[in-house]
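Structure record follows, encoded as structure tokens.
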């Protein structure tokens with residue numbers, strides 16, 4: 001049953017009532033009016049004692065209420081949420097560094113050192129995460145990572161990164177990112193995201209390297225939008241881990257450097273006999289064709305927003321996407337009275353590595 005927090009005024013009235021009862025026991029011959037004046041007079045000593053007692057007791061109630069909130073992860077403050085999460089093997093993800101590949105050119109055989117600093121177009125630095133040697137044509141493709149975690153390191157493909165310290169065997173004194181660029185940089189995980197992962201782990205705990213373990217292991221280290229674990233990927237003993245980056249609203253295909261980093265992260269965590277394959281998601285576009293009534297610009301915008309939110313919340317890698325649920329979400333859009341959904345014509349059943357995403361929207365005239 002609910003236990004509302006008493007106010008200071010309520011606690012003061014209770015203290016006054018207890019004082020009056022005590023005085024009546026001590027002085028049974030005193031009149032109730034005299035006792036009330038002695039206890040409730042604003043300038044009286046007993047009234048001051050009652051108010052002081054009530055104030056202290058109110059602070060105790062506040063402290064107890066705060067302590068109780070820390071007992072449950074969904075009401076706990078950040079410090080205690082992190083402790084709850086750790087008990088379940090879920091850890092707050094720090095800011096992750098963007099990774100990628102870049103081409104260096106210069107004198108054949110020149111060694112490019114690990115830890116070589118380069119300037120990013122958006123500010124900050126990238127460093128070579130491993131050394132390399134220019135081949136006979138004077139070229140080498142070497143892995144890079146941002147010097148610091150965060151989205152600042154995400155850089156478009158083909159960008160030129162000037163080298164900070166001159167290297168005599170390189171010409172030009174810059175590296176060029178490959179077509180995939182640098183990706184995977186993210187800010188520190190929010191408390192809301194951590195709580196959502198903790199609740200999923202409580203409801204669907206992993207153990208012994210089952211499919212939920214791979215999800216937790218990936219999400220502890222990488223800001224993924226969706227992740228799916230597929231057993232028997234290429235036969236007995238193999239596991240496929242299919243990953244979508246970006247956000248749930250705007251999922252993206254991970255670049256090879258991100259997949260390599262995830263595979264390296266999973267290698268010491270996986271069961272000894274498991275053969276793990278980290279694979280990029282395939283984004284399966286699902287076009288939407290429908291008529292709405294009333295057919296107005298605000299209603300169309302509301303319907304499209306509701307459909308996008310539904311795809312973000314409901315679509316999962318390799319899982320059936322129900323047409324009826326999509327229609328229900330459209331019906332809940334602000335201002336929509338009725339609609340006629342033409343596409344998709346039925347439920348969408350993606351391949352095991354595919355994620356349904358909202359495609360183009362075609363509007364028909366209402367019948």
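Side notes on the structure shown:
- Residue check for residue 341: assigned to a strand (DSSP E or B) and not assigned by TED's automatic domain parsing to the domain that holds residue 226: yes
- Within region 335-367, considering residues that are without any contact (Cβ under 8 Å) to a residue 40 or more places away in the chain and under 30 Å from residue 278 (Cβ atoms), the one farthest from the chain's Cα centre (by Cα): 347
- Test result for residue 264, more than 18 Å from residue 352 (Cβ to Cβ) and either out of contact with any strand residue (DSSP E or B) (no Cβ under 7 Å at 6 or more places or on another chain) or at pLDDT below 90 (or both): yes
Residues are listed down the side, and each one gets a yes or a no for (1) in contact with a helix residue (DSSP H, G or I) (Cβ under 8 Å, 6 or more places away or on another chain); (2) in the same structural domain as residue 312 (by TED's automatic domain parsing); (3) within 15 Å of residue 218 (Cα to Cα):
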site: 233; (1), (2), (3): no, no, no
site: 238; (1), (2), (3): no, no, no
site: 241; (1), (2), (3): yes, no, yes
site: 245; (1), (2), (3): yes, no, yes
site: 249; (1), (2), (3): yes, no, no
site: 254; (1), (2), (3): yes, no, yes
site: 260; (1), (2), (3): no, no, yes
site: 266; (1), (2), (3): yes, no, yes
site: 274; (1), (2), (3): no, no, no
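- Residues that are without any contact (Cβ under 8 Å) to a residue 60 or more places away in the chain and not in a loop (DSSP other than H, G, I, E, B), drawn from region 217-236: 217, 218, 229, 231
- Between 243, 198, 227, 239, the distinction of being surrounded by 21 or more Cβ atoms within 10 Å (Cβ to Cβ), within 27 Å of residue 72 (Cβ to Cβ) and touching a strand residue (DSSP E or B) at 6+ places or on another chain (Cβ under 9 Å) belongs to 227 only.
- Top-ranked residue in region 346-361 [being in contact with a helix residue (DSSP H, G or I) (Cβ under 7 Å, 6 or more places away or on another chain) and more than 19 Å from residue 250 (Cβ to Cβ); ranked as surrounded by the fewest Cβ atoms within 10 Å (Cβ to Cβ)]: 346
- Total residues in region 293-327, condition under 22 Å from residue 346 (Cα atoms) and either in a helix (DSSP H, G or I) or touching a helix residue (DSSP H, G or I) at 6+ places or on another chain (Cβ under 9 Å) (or both): 21
- Which numbered condition residue 220 fails, given (1) out of contact with any strand residue (DSSP E or B) (no Cβ under 8 Å at 6 or more places or on another chain); (2) surrounded by 15 or more Cβ atoms within 10 Å (Cβ to Cβ); (3) at pLDDT 90 or above: (3)
The values are calculated or read from the model by the stated rules, or taken from the named source; none is laboratory data. Note that the structure is a prediction, hence the values are computed from the model and not measured. Here Cβ is always computed from backbone atoms with ideal geometry, including for glycine, and neighbour counts include all displayed protein chains.
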